């Protein structure tokens, strides 16, 4: 690790993650290299190793940042003093995720490989942000769905979060995928992120 001030270390880490985020707008995870990332930072590729040991660690830091952004949105919903019906709650959570396309894109990746190729301290930092998201959604269910038992809330949370891993590929269909499905005779409904998340939550919450 580079021995600089905590402020400098954090700025360098953020610059690396920002570069990764910029590249991820137009390139896939597999096509992005550490060389690509270093090319749009203010320092060389060897310097990156002072902050991240692998490309996966950089993506994990980006993933963590996306969770923190979503967590802030969830906390805002939780702080709402008005009573939300189950449909209103589903609407609010769906809207929060409609703004987090990058989070959903990262969720659709092979998270197992990303986590395997990251150090424990990096993984623990990411898991903390993920754990906060789990806790916030559970608190939202508890606050606005008082008829749900603790067991029902637990089950709903652990159905909802794995479901999120499939939202991005089901709502972002490439021309090649559309052509292949048409050739295979597979019907594929056109749904937005908001629509698919809202429908899932309404059914999860109203079933209890």
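For every residue, the table says whether it meets (1) touching a strand residue (DSSP E or B) at 6+ places or on another chain (Cβ under 7 Å); (2) modelled with pLDDT of 95 or more; (3) under 28 Å from residue 6 (Cα atoms); (4) not assigned by TED's automatic domain parsing to the domain that holds residue 200.
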site	(1), (2), (3), (4)
37	no, yes, yes, yes
41	no, no, yes, yes
47	no, no, yes, yes
63	no, yes, yes, no
73	no, yes, yes, no
87	no, yes, no, no
124	no, yes, yes, no
128	no, yes, yes, no
Could you figure out which of (1) closer than 18 Å to residue 126 by Cβ; (2) in contact with a helix residue (DSSP H, G or I) (Cβ under 6 Å, 6 or more places away or on another chain); (3) not in a helix (DSSP H, G or I) isn't true of residue 29?
-> (2)
By residue number, the members of the range 44-53 that are surrounded by 13 or more Cβ atoms within 10 Å (Cβ to Cβ), assigned to a helix (DSSP H, G or I) and either touching a helix residue (DSSP H, G or I) at 6+ places or on another chain (Cβ under 6 Å) or without any contact (Cβ under 8 Å) to a residue 12 or more places away in the chain (or both) are 45, 48
Subset of the range 94-121 [surrounded by 20 or more Cβ atoms within 10 Å (Cβ to Cβ), closer than 22 Å to residue 50 by Cβ and modelled with pLDDT of 95 or more] | 118
When the range 1-26 is checked residue by residue, the ones that are assigned to a helix (DSSP H, G or I), closer than 16 Å to residue 109 by Cα and without any contact (Cβ under 8 Å) to a residue 12 or more places away in the chain are none
Restrict the check to the range 175-186 and report whether at least one residue is in a helix (DSSP H, G or I), buried (at least 16 other Cβ atoms within 10 Å of the Cβ) and at pLDDT 95 or above.
-> no
Here are 41, 33: which of them is surrounded by 13 or more Cβ atoms within 10 Å (Cβ to Cβ) and touching a residue at least 24 places away in the same chain (Cβ under 8 Å)?
-> 41
Report yes if residue 147 is exposed (fewer than 13 other Cβ atoms within 10 Å of the Cβ) and either under 16 Å from the mean Cα position of the chain (by Cα) or more than 29 Å from residue 59 (Cβ to Cβ) (or both), otherwise no.
-> yes
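Each row is one residue, and each column tells you yes or no for (1) touching a helix residue (DSSP H, G or I) at 6+ places or on another chain (Cβ under 8 Å); (2) in contact (Cβ under 8 Å) with a residue 12 or more places away in the chain; (3) surrounded by 15 or more Cβ atoms within 10 Å (Cβ to Cβ); (4) within 15 Å of residue 137 (Cβ to Cβ).
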| position | (1), (2), (3), (4) |
| --- | --- |
| 62 | yes, yes, yes, no |
| 67 | yes, yes, yes, yes |
| 73 | yes, yes, yes, yes |
| 81 | no, no, no, no |
| 92 | yes, yes, yes, yes |
Go through the range 99-145 and tell me which helices (runs of 4 or more DSSP H), entirely inside it, have 2 or more residues that are over 22 Å from residue 22 (Cα atoms) and in contact with a helix residue (DSSP H, G or I) (Cβ under 6 Å, 6 or more places away or on another chain).
-> 120-144
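The values are calculated or read from the model by the stated rules, or taken from the named source; none is laboratory data. On a predicted model such as this, the values are computed, not experimentally measured, just so you know. A quick note on method: Cβ atoms are made from the backbone with ideal geometry, for glycine too, and the neighbour counts reach across all protein chains shown.
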